[in-house]
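In what follows, a single structure is set out as structure tokens and then discussed.
The values are calculated or read from the model by the stated rules, or taken from the named source; none is laboratory data. Since the model is a prediction, treat every value here as computed from it, not as a measurement. Because the Cβ atoms are built from the backbone with ideal geometry, glycine has one as well, and the counts that use them run over all protein chains shown. Ligands, DNA and RNA are excluded from the accessible area calculation, which covers all protein heavy atoms including side chains. Shrake-Rupley method; radii C 1.70, N 1.55, O 1.52, S 1.80 Å.
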Amino acid sequence: MAHEENKAFLRRVPLFTVLSESQLEILAAGTVRRNYPKGRTIVAEGEPSQSLYILLSGRAKVQRSDSEGKEVILAVLMSGEFFGEMSLIDDAPRSASVITLESCDFLAINKENFKAMLSQNAELGMSVMRGLVRRLREADKKIETLALLDVYGRVARVLLDFSENVGGERIVKSKLPRQEIAKMIGASREMVSRVMKGLEIDGYIVSLPEGKLALREKIHSYIS
Ligand code: CMP
């Protein structure tokens, strides 16, 4: 039963639309579905890899930390995205930790089953590469942000990246704690609070109910 359910979930994942029924069958045989609450580690930096993961719902952060416990958030993963592919490809330890930001449903796919599919299906390899290239482009953008923008520009870039178009307005719908923004841009939480306050007073952002934010057009001036 779980096997059939997992196969149905796998069939809906964009990465796997290129697989045949029999290939999905093999993948499903080594797949388990899990739900983790907020704040749980799915993948731990430095550990050996066993699985590839697909986020079915919820958001998770990709985070690295140094020996003093200082943390940097490299990315926030959304539902539909895969992760854990890096150490699966090069057999090195996990490059970062992946930690749930809210309740998350995900699939864990056995490493060997996935590798067998990669060698059988060139289109799957291309899809994984497309995902890696997209991440490299986002990482390049992040390096540019950190190197060229001041702290106002960095906060503005994060807010714009997390916003979506709602009836012609840029709205940040999901809660974005200041501590998390700070870890994305290499600033302190206090500094982020000060910048957000400044942006609000000067009319670049407007607080809405339920922790949502509306971004005004002029916020673009900070990143151009
Ligand atoms: P892996 O190294 O196996 O385990 C940690 C995972 O985090 C990694 O595979 C990628 O899936 C993901 N990851 C690492 N760096 C980034 C990044 N810059 N952007 C998005 N995801 C990343």
Enumeration of residues in the range 189-224 that are at pLDDT 95 or above, among the small types (G, A, S) and either crowded, with 20+ Cβ neighbours inside 10 Å or under 24 Å from the mean Cα position of the chain (by Cα) (or both): S193, A214
Every residue from the range 136-157 that is among the basic types (K, R), within 16 Å of the ligand (Cβ to nearest atom) and at pLDDT 95 or above: R137, R157
For S87: the one exception among (1) assigned to a helix (DSSP H, G or I); (2) open to solvent by 20 Å² or more (accessible area, probe 1.4 Å); (3) within 26 Å of K38 (Cβ to Cβ): (2)
Among (1) within 17 Å of G211 (Cα to Cα); (2) open to solvent by less than 30 Å² (accessible area, probe 1.4 Å); (3) aliphatic (A, V, I, L, M), the one test that V166 misses: (2)
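Can you tell me which residue in the range 90-132 is nearest to the ligand (Cβ to nearest atom), limited to those that are among the polar types (S, T, N, Q) and in a loop (DSSP other than H, G, I, E, B)? Can you show your working first?
Restricting attention to the range 90-132, the residues satisfying the condition of being among the polar types (S, T, N, Q) are 95, 97, 100, 103, 110, 113, 119-121, 127.
Now narrow it down to the ones that are in a loop (DSSP other than H, G, I, E, B): 95, 103, 121.
Working: S95: 3, S103: 20, N121: 20 Å.
Taking the candidates together, the pick is S95.
Conditions tested, residue by residue: (1) part of a loop (DSSP other than H, G, I, E, B); (2) modelled with pLDDT under 95; (3) crowded, with 17+ Cβ neighbours inside 10 Å; (4) among the aromatic types (F, W, Y).
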| position | (1), (2), (3), (4) |
| --- | --- |
| A8 | no, yes, no, no |
| G46 | yes, no, no, no |
| L52 | no, no, yes, no |
| L55 | no, no, yes, no |
| K61 | no, no, yes, no |
D161 vs. criteria surrounded by 13 or more Cβ atoms within 10 Å (Cβ to Cβ), free of Cβ contacts under 8 Å to residues at least 60 places away in the same chain and within 14 Å of the ligand (Cβ to nearest atom): yes
Among (1) within 10 Å of the ligand (Cβ to nearest atom); (2) of a type in the set (V, I, T); (3) in a helix (DSSP H, G or I) - the single one I73 does not satisfy: (3)
Among (1) open to solvent by 30 Å² or more (accessible area, probe 1.4 Å); (2) under 30 Å from I223 (Cβ atoms), the one test that P37 misses: (2)
